[in-house]
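Following: one structure in structure tokens, then a few remarks.
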Amino acid sequence: MRHALVTAGTKGLGKQVASSLIEKGYSVTATYRSDHEAAESCRREWEAQGADVQLIQADVQKKEELESMMDQVLDTYRRLDVLVLNAGPYIFERKALADYNDEEWLSMMHGNLHSAFYLLRRAVPVMREQRFGRIVTYGFQEAGHAPGWLYRAAFASAKSGLVSLTRSVALEEAAYGITANMVCPGEILGEWKEAPISAAIGEKDENTPIGRPGTGGDIARAVTFFADDQADMVTGSVLEVTGAVDVIHKNL
């Protein structure tokens, strides 16, 4: 049985990703930062389905907690086939770069970029030995082009750096059967983060060219494609899952 680790896998987009991997027969470790109630709800739901799951509390901004998390995964399952870097802090307040304090800047860097380094440094040697691995990171709309993002400079900088990191790992590890790809979600709000695609069919969203809201199910579909054993020809890719919002300006 292949094993997947999904950071922040008990809420939002991560829950849909973890659930989809479970449905496909993976054993799954899902991490959470502080919401014990949501984590236990997931455990009950997944174990009722007969899933092999492990839940670990960890803050991706803290190196020591990432190290402990990886120890627990490898001690329990002795392998790691899929690593999904779903977690990543975000500052909702709109503010110019000059108005960030040190703590806010470092939070964005530690949670969105440095955490990837620490996790990959542990995961890649295991995947090399297996001669198989699937790494999936998350960006933001058009992150692959390193665009400016007004009042989101810290988050955008970290994620744009993650694009280059993802592609670099894809090149370095291709010979070992390891792929690395990025998913860039569009605007997926509120309850839609944990919704399957079927829930959005027939719903209207005038801001999306395809006409319906994006869902966690859309992101999970992309992640499970990248994770597939036969997806080895797809690596170093940055996939936009936006319902065509990212291409609107190209047609004006």
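For the condition on the phi > 0 side of the Ramachandran plot and among the basic types (K, R), R78 qualifies. In summary, helices (runs of 4 or more DSSP H) completely within segment 147-252 and bearing 2 or more residues that are farther than 27 Å from F92 by Cβ occur at 153-173, 216-227.
Restricting attention to segment 22-57, and to residues there that are touching a Lys or Arg at 6+ places or on another chain (Cβ under 7 Å) and part of a loop (DSSP other than H, G, I, E, B), which single residue is surrounded by the most Cβ atoms within 10 Å (Cβ to Cβ)? If we take residues in segment 22-57 being touching a Lys or Arg at 6+ places or on another chain (Cβ under 7 Å) and part of a loop (DSSP other than H, G, I, E, B), then Y26 is surrounded by the most Cβ atoms within 10 Å (Cβ to Cβ).
Among the residues of segment 71-103, just one is within 21 Å of V163 (Cα to Cα) and part of a helix (DSSP H, G or I), namely L97. If you go through segment 224-243 and pick out every residue that is among the aliphatic types (A, V, I, L, M), touching a residue at least 60 places away in the same chain (Cβ under 8 Å) and in contact with a Gly (Cβ under 9 Å, 6 or more places away or on another chain), you end up with 1. Pairs only if they're at least six apart or on different chains, beta carbon under 8 angstrom, first in segment 65-87 and surrounded by fewer than 22 Cβ atoms within 10 Å (Cβ to Cβ), second at pLDDT 95 or above and acidic (D, E); list them, first residue then second. Partner pairs satisfying both residue conditions: E65/D59. Scanning segment 127-146 for residues that are modelled with pLDDT of 95 or more, buried (at least 18 other Cβ atoms within 10 Å of the Cβ) and part of a helix (DSSP H, G or I) yields one hit, M127. Contact annotation: residue pairs with Cβ atoms under 7 Å, 6 or more positions apart or on different chains, pairing a residue in segment 135-149 that is within 25 Å of L21 (Cα to Cα) and touching a residue at least 40 places away in the same chain (Cβ under 8 Å) with a partner that is among the β-branched types (V, I, T) and assigned to a loop (DSSP other than H, G, I, E, B), are Q141/T242.
So S107 clears everything in (1) surrounded by fewer than 19 Cβ atoms within 10 Å (Cβ to Cβ); (2) polar (S, T, N, Q); (3) more than 16 Å from the chain's Cα centre (by Cα) except one condition, right? Which one? Answer for S107: the failing condition is (1). Within segment 1-19, being over 20 Å from G190 (Cβ atoms) and among the hydroxyl-bearing types (S, T, Y) holds for one residue alone: T7.
The values are calculated or read from the model by the stated rules, or taken from the named source; none is laboratory data. Keep in mind that what you see is a predicted model, and the values were worked out from it rather than measured. So basically every Cβ, Gly included, is an ideal-geometry build from the backbone, and we count neighbours across all protein chains shown.
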